[in-house]
Amino acid sequence: MARNSRRLSRRPGTADEAETIAIVCEGEKTEDIYFNGIRREFRLATARLRVVTLGADPLRVVQEAEALRPEYDNAWAVFDVEAPGAHAIPHARLNQAVERAARVGVQCAISNPCFELWLLLHFSSQTAFVNNEAVRAKIKKCPCGYSDKGFDFAKVWPHHQQAMQNAAALHVRQQSNNRAIGDRNPWTSVHELVGKLLELSKRQG
């Protein structure tokens, strides 16, 4: 299982004051580019941000975040609802992951069907049902250089406020329907994690 982690070195005089955050991602590429892009954008100091990519199912991601929880002020698990492939099938252990996260104090940033929905919301709203394959086809048409190799963070980030507004609108819409997470499509809560990172950047500044 591939694993990539980055832990920033602490700067003298700031270590005790910094609020730390660990982000554990299901995806090994897109999420890593995005969250480390934010780290660089705001020069988040000390060990505020640690991104670990697993390429695992949601429960494994939550368990890894749980293991890091004692070392950090905040631990987030980032994962998709839909399992890889074009069949729109939720991950088998999705509900277990959500329930365990709530029980152990891990916060979740979830996307249905996948993280690429969050990227798409930087450029346009999406209200109709969509699966992994369709979302990726849509984001490939956006001016961000998305491909199997990744995307250009610098072309996505300037639109993050639009993404947060679009995601918040989806959240309200899906909550009003009172649907379980596996049935909320399209939907994402990644804007809550991004909001937390923006909050940390303001404290640092």
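Values in this text are rule-based calculations from the coordinates and carry no lab data. Remember, it's a predicted structure, so these values are computed and weren't measured experimentally. Note that each Cβ is placed from the backbone with ideal geometry, even for glycine, and that neighbours are counted across all protein chains shown.
Summary table below
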{"quantity": "Electrostatic dipole magnitude of the chain [Cβ: Lys, Arg +1; Asp, Glu -1; Cα centre; debye, to 20]", "calculated": "420"}
{"quantity": "Listed residues Val156, Ala180, Val24: farthest to the positive end of the dipole of the chain (Cβ charges)", "calculated": "Val156"}
{"quantity": "Nonlocal Lys pairs with alpha-carbon distance under 21 Å, the chain (8 or more apart, or different chains)", "calculated": "11"}
{"quantity": "Fraction of beta bridges assigned by DSSP in the chain that are antiparallel (%, nearest 5)", "calculated": "35"}
{"quantity": "The chain: angle of helix 94-104 to the longest principal axis, Cα-based, in degrees nearest 10", "calculated": "30"}
{"quantity": "Tilt relative to the chain, helix 190-204 - C-alpha long axis, 0 to 90 degrees, to 10", "calculated": "20"}
{"quantity": "Cα→Cβ-extended label distance, 7 Å offset, between Ser124 and Ala67, nm", "calculated": "4.1"}
{"quantity": "Selected from Ala137, Ala109, Ala101 as most flexible by GNM, with the chain as the system and alpha-carbon contacts under 10 Å", "calculated": "Ala137"}
{"quantity": "In degrees, nearest ten, helix 58-68 long axis to first principal axis of the chain (Cα)", "calculated": "10"}
{"quantity": "Check: the range 122-205 dipole with +1 on Lys, Arg Cβ and -1 on Asp, Glu Cβ, in debye", "calculated": "100"}
{"quantity": "Centroid-to-centroid separation of the range 65-104 and the range 135-205 [C-alpha atoms, Å]", "calculated": "17"}
